[in-house]
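Read the structure below first, then the notes.
The values are calculated or read from the model by the stated rules, or taken from the named source; none is laboratory data. Worth saying up front: this structure is predicted, and the values here are computed from it rather than measured. As a convention, Cβ positions derive from the backbone with ideal geometry for all residues, glycine included, and neighbour counts pool all protein chains shown. Side chains are part of the model used for accessible areas, which takes the heavy atoms of the whole protein and leaves out ligands, DNA and RNA. Shrake-Rupley method; radii C 1.70, N 1.55, O 1.52, S 1.80 Å.
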Amino acid sequence: MAALLVLYIALIGWRAVQFIASGEPAAIGIGIALLVFPALGLWALARELLFGLGSQRLLERMAEEGSLPVDDLPKRASGRPIREYADEEFPRYRDAVQAAPEDWRAWFRLGLAYDASGDRRRARQAVRQAIGIESAERRAN
């Protein structure tokens with residue numbers, strides 16, 4: 001998908017250059033607008049790729065350390081955790097972050113708990129927080 005997005009962005013960018021090169025005021029305006037969309041697309045793609053790489057790095061670190069939570073929640077046929085059971089486990093992870101807000105592992109586990117409870121937006125926020133804290137730790141060491 002990322003490769004297709006890059007191809008799409010390149011084609012839109014090329015079309016924007018053609019519009020601008022035409023010299024027509026309306027076409028120039030369209031060309032400038034078309035340049036904004038590829039820039040936004042590249043920004044979004046870079047952000048998602050960096051998020052994926054960062055979360056994978058943390059996941060691998062925690063797996064090596066043996067600090068990942070045990071995934072023993074009952075699952076639906078689709079493989080997703082049953083939300084009621086995930087919601088019962090959630091306070092433990094929330095409390096761990098409140099007790100140690102500088103611990104990236106606690107934030108990562110909270111992200112997993114949010115995801116199990118079906119709250120993807122907060123899950124991503126918690127994992128982003130974990131990535132930021134861990135990155136700051138690595139830079140400091």
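With respect to Arg139, determine if the residue is over 24 Å from Ala2 (Cβ atoms), in contact with a Gly (Cβ under 8 Å, 6 or more places away or on another chain) and surrounded by fewer than 17 Cβ atoms within 10 Å (Cβ to Cβ).
Details: over 24 Å from Ala2 (Cβ atoms): yes; in contact with a Gly (Cβ under 8 Å, 6 or more places away or on another chain): no; surrounded by fewer than 17 Cβ atoms within 10 Å (Cβ to Cβ): yes.
So Arg139 fails the test.
Of all residues being among the β-branched types (Val, Ile, Thr) and out of contact with any Pro (no Cβ under 9 Å at 6 or more places or on another chain) in region 70-112, which is surrounded by the fewest Cβ atoms within 10 Å (Cβ to Cβ)? Just the residue, please.
Restricting attention to region 70-112, the residues satisfying the condition of being among the β-branched types (Val, Ile, Thr) are 70, 82, 97.
If we keep only those that are out of contact with any Pro (no Cβ under 9 Å at 6 or more places or on another chain) too, we end up with 70, 97.
On the way: Val70: 5, Val97: 21.
Step by step, filter region 70-112, then rank; the result is Val70.
Can you find a residue that is under 18 Å from the mean Cα position of the chain (by Cα) and polar (S, T, N, Q) anywhere in region 38-61?
Here is the first cut: in region 38-61, the residues under 18 Å from the mean Cα position of the chain (by Cα) are 40-61.
Subset that is polar (S, T, N, Q): 55-56.
Among the residues of region 38-61, at least one is under 18 Å from the mean Cα position of the chain (by Cα) and polar (S, T, N, Q), which makes the answer yes.
Quick check: anything in region 21-38 of a type outside the set (D, E, K, R), touching a Gly at 6+ places or on another chain (Cβ under 8 Å), open to solvent by less than 60 Å² (accessible area, probe 1.4 Å) and free of Cβ contacts under 8 Å to residues at least 60 places away in the same chain? Yes: region 21-38 contains one or more residues that are of a type outside the set (D, E, K, R), touching a Gly at 6+ places or on another chain (Cβ under 8 Å), open to solvent by less than 60 Å² (accessible area, probe 1.4 Å) and free of Cβ contacts under 8 Å to residues at least 60 places away in the same chain. Each residue in region 80-99 was checked for being farther than 23 Å from Gln56 by Cβ and either in contact with a helix residue (DSSP H, G or I) (Cβ under 7 Å, 6 or more places away or on another chain) or not basic (Lys, Arg) (or both), and 12 of them qualify.
Can you name every residue in region 45-77 that is at pLDDT below 90 and either of a type in the set (S, T, N, Q) or within 30 Å of Leu7 (Cα to Cα) (or both)? Hit for region 45-77 is Leu45, nothing else. Filtered by the rule that a residue be farther than 23 Å from Ala106 by Cα and surrounded by 12 or more Cβ atoms within 10 Å (Cβ to Cβ), region 45-68 gives a lone residue, Leu45.
Taken over region 1-15, the criterion of being within 21 Å of Ala46 (Cα to Cα) and in contact with a Leu (Cβ under 8 Å, 6 or more places away or on another chain) is satisfied by Ala2, Leu5, Val6, Ile9, Ile12, Gly13.
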